[in-house]
Structures are given as structure tokens and as C-alpha cells.
Amino acid sequence: MPYVSTNPSNTSDVVTEIELGTSRTFVDAAQRAKAAQRAWARVPAPVRGQVIGNIGRLVEANFEPLAQLVTREIGKPLAEARGEVQEIVDTANFFLGEGRRLYGQTVPSEMADKQLFTFRNPVGVAAIITAGNFPVAVPSWYIIPALLCGNSVVWKPAEYSAASAQAFYDVFQAAGIPAGVFEIVFAEGSETFDGLEQSLQQGLVDKVGFTGSSEVGVRIGELCGRHLQTPCLELGGKNPMVVTEDADLDLAVQGALFAGFGSAGQRCTSLGTAIVHESVYDEFLSRFVEAVAGATVGDPTGDVLYGPLLDEKFALAYEKYLGWIGEHHTVHGPTGRISAASPRNGFTGENGFFYHPAIVSGVRADDELFLQETFGPIVGVMRYSDLDEAIELGNKPGYGLSCSIYTTDPNKAFRFRAGISAGMVSVNNSTSGAEAHLPFGGNGKSGNGSRQSGVWVLDQFTRWQSMNWDYSGKLQKAQMDTLAIEANLDYRLA
């Protein structure tokens, strides 16, 4: 079945056309990956690290064309697209060295003439399914460490970012990855799920990594659980930003502007609700509204806060989220699609999925707008009276990916960190922004506690193996044939 990927900034611009596969396509790719994995695992880890280093150098050499393609295909502002490509380079640079640091340990035995060891072994075949809002950075978080650890990979990217995915794949293949070790599959969601289910049943897939919605993550978690596997799930977010009474309000507004509307609010780490102390609520809201009104929206190749929504399906979903605005809310400025009938000052776009940035104040804790992820350029604002209340509100939606607090009081920062359920906490910084050597991931509806990036992701793509080597020449039984040291435990000083 053909799929046409178009430019969301100009829907008449066809970026690429691909042929979508079926569940059989996915299973065939998993079989090839399974056949290739053992030979790849036998390649010494430092040599696998050299391949990862090659990836980093090739991405640097193709930096600008890849960033330009990302902007054209998903409408991400070019500055952000360049940052996304840089994240691949950073990830490759980090894991280049990890090829020489896949450490195990030697462990002392409780018996003489016996030695204990631990080793990191690759999991096997990793099936990676990613979203298209970060079409090249997020896949690198999975694929680079998976390959470094000696796994083979079957990658299913989002259809609407197919050109970016193919370019990513082609660059990786040029780095010297053997045939079958890294497979790409383009397929629709239901066919992918069926193919994954069949692959798990046939023992072809040993680890699943998924970035996407919480709803699909639940289904993948259930499927993996039936096969006694724990997937790596990076799901949605409803990320709070707490603004305390002592906060630097100008800084908080800058953070809210980028967190809420960067990438048109289409990040899993985008700001959902600003929870503002009642004493500074009106002032923060006034400054925030002014900053949003003055921001440039439009052509993502220019200097804009954000461009279009990713694809028509996301525009349709966002229309539903706008329907959650109720009579008790106050909307600051126009909402909906930017058009001749609903213009925006300074707008630089044309024929695309461009939407007004929406600030909605008066949000309540039982609102759908507060409780559910809203993947798009909309931010709720609500007030609180004490920090414990703010923490409770931040946790209430049940997500737990990212959060931030703006304060000049270290006590508040640490109290917030201890009470919030999010996997990632920022102090005086945006809810968005990951570095390649810091653990990334969430809890609750945002994920199952797995982490990506840095050394922590190694636990997703390796399994610990222990070995004991007894060279005493006799059978020594643990906990039974151990040396006993006598002591007088009744001794007391006079």
C-alpha cells in the first residue's frame, strides 16, 4: 500500500512516497535480524564502538541536509531540527567510548580457590518503534546503544516522517553495519502490532522499545508481558511547571514559552499546565500572554517559535483538544487554525497545518484540559496557594515524564523534587531539553520506569550473566562449605 509523506508547511509539496509493508514484512525483517545477531555480538565491543564512531562522523558530514529534510517533512523549526541532528552526534560520541567500558565485575567468593564474575550480554533482537515528532534523535537513543551492545535491530519509524527515517537509515548503513543487523520496516500501526505479536510468538524478538502514546504503550506492555518481556516504554506527558512566589517571572515566562510552544507543543516533554502561586498569578499570566502574542509563528525555515502541526491526523486530534475548553475558562487570544478569516500578526506561513498558540487560564483539577495530554500549541494556567498543593496538582494527571519549578529558594526546589512523580525535574529551566548522557524517561502513564540515554540505557539492551569458577579441585557448596571464624561476642569492656 503506498503512503505519501507531504510537507505540513505546504501540503502540496510531496516529500516522498513509500510502499507500506505488512505484518509479514515485519516478521521477515525480524528473521533476518535474528540470523545476523550472533555474528555481530561476536565482534569485539570496542570494534562495534568504532562503527558507532563512524555513525557520528557520517551524521556530521550530512548534518545540514538531514536537518533541512526534517524541517521540510515534519515542519520543525530549522534551529530545532539542527539541535535534533546534533543529538545523534552527541549520542554516537558518548557510546563510542562505551564500547571500551561494557564492564563486568570480579566478585570475591566466600570460599577459597573460587572466583566470581559478571558479564553484560546482548539481549538479542530489539524491535524499535518510534514516533515522528523527533524522527532522527529519539531513534538514535535506542538504536545506537542497542547496536553497541551487540544486538540487532528492527526499526519501524512513523510513516509521516518516512523520508527522514530513510535518510537516517542510509547514513547508519554507510557506517559499516553488517547486513541484517539493522533492518527498517515501513508499515501501518495495526500491521506493525500484528507483526510484532507474530515475531514474539516465534521467538524472533527479545526486546521492544516504543516511543508513542500511552494508549498504545499499554497494548505493547500487555503483549510483551505475555512473553515475559519488559519493554522500554517512553510515552506521553502532561508536564507541569510550578512558578513560586519568589520566582524570576521573566525567566519563567521564557521557559513557559519554549516548553509550551516550541515544536508547536508536539513534544512528550511539552508544558501542559503552568501552576502559578496565587500571589504572582496575575503578573505571570499577563507577561506570558504578552510574550505569546509577540512570538512569530509560521515558515519553519525562518526564525519562528514554531511551525505547523506534524500531519493532518495531529491537526484533527488537536481540534478535539480545543473542544475541551469550557465556559469557566478564559482564552487569551484566538484559537484554531490560522487563516485569512482568523489571521495572526507576523504570521509567515502559507498552506499548511498552522494553528494559533492558545493560553487557557482558569483551569481546574477536574478538567479534561488538565488531566489529558494535549499534543499541540495549548497551555493551561492555574493557581495554587502552597507548595504541597502544587506538588499534588502536578502529580494528579497520573503522568510522570517531565516537570519544572521556577524558584529562587533551594528549599522549595528540593521539596518539589522529592514530592513530584516525574522522572525528570528541571529547576529554573524548561520542561523540555534532554542531554545525551542523562537518563531520559518517565513513570506512571509516561512509561514503565525504563530509562534511555547515558549508561542507564545499557540495562535495556544487555542482560547480566554471572559465572563462578571453582579451581579448588573439589565440590564446594555455597553457604555450607564456608570457613567459620570463631568470635567471643559476649565480650564486654570492664
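What follows is calculated from the coordinates using simple rules that are stated; it is not laboratory data. As the structure is a prediction and not an experimental result, all values here were calculated from the model. All Cβ positions, even for glycine, are placed from backbone atoms using ideal geometry, and neighbour counts span all protein chains on display.
Numbers for the structure displayed
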| read-out | value |
| --- | --- |
| Ranked packing of 486-493, 28-35, most packed first, by mean Cβ within 10 Å | 28-35, 486-493 |
| Charge context of residue 140, other residues only, Cβ under 12 angstrom, K/R +1, D/E -1 | -3 |
| More than 21 Å apart - percent of Cα-Cα pairs taken over the range 231-343 | 44 percent |
| Cβ crowding within 10 Å averaged over residues, with 100-106, 143-149, 354-360, 287-293 ranked highest first | 143-149, 354-360, 287-293, 100-106 |
| Partners for residue 238 among lysines (Cα-Cα distance below 19 Å; same-chain residues under 8 apart left out) | 320, 396, 445 |
| Per-q log10 I(q)/I(0), the range 146-185, q = 0.14, 0.17, 0.18, 0.24 Å⁻¹ (Debye; single scatterer per alpha-carbon; no solvent) | -0.30, -0.44, -0.49, -0.82 |
| CD proxy at 222 nm, helix term only [per DSSP H run n ≥ 4: -39500 (n - 2.57); per residue of the chain; nearest 500] | -11500 deg cm²/dmol |
| Extension gain, residue 408 back to residue 68 (0.36 nm per residue minus Cα-Cα distance, nm) | 118.5 nm |
| Dipole-positive endmost among 145, 62, 133 within the range 1-152 (Cβ charges, Cα centre) | 145 |
| Taking the C-alpha atoms of the range 436-482, convex hull volume expressed per residue in Å³ | 146 Å³ |
| Scattering profile of the range 352-428 at q = 0.20, 0.22, 0.26 Å⁻¹ [log10 I(q)/I(0), Debye over alpha-carbon scatterers] | -0.97, -1.12, -1.37 |
| The range 1-137, dipole about Cα centre (Lys/Arg Cβ +1, Asp/Glu Cβ -1), debye to the nearest 20 | 660 debye |
| Histogram of C-alpha separations across the range 373-494, 10 Å bin width, % | 10, 27, 20, 10, 13, 14, 4, 1 |
| Kirkwood Rh and Cα Rg combined as Rg/Rh, the range 322-370 | 1.05 |
| All-pairs Cα distance distribution in the chain, expressed in whole percent, bin size 20 Å | 22, 50, 22, 5, 0 |
| Inter-probe distance in nm under a simple model that places probes 7 Å from Cα toward Cβ, at residue 443 and residue 368 | 2.9 nm |
| Principal-axis tilt of helix 63-74 within the chain, Cα atoms, nearest 10 degrees | 60 degrees |
| Charge dipole magnitude, Cβ of K and R +1, D and E -1 - the chain, Cα centre, debye nearest 20 | 1660 debye |
| Descending Cα extents along the principal axes, the range 402-454, whole Å | 31, 22, 14 |
| Calculated FRET value between residue 250 and residue 463, using beta carbons and R₀ = 60 Å, to 0.05 | 0.75 |
| Stretchable slack from residue 213 to residue 3, in nm (0.36 nm times residue separation minus alpha-carbon distance) | 73.4 nm |
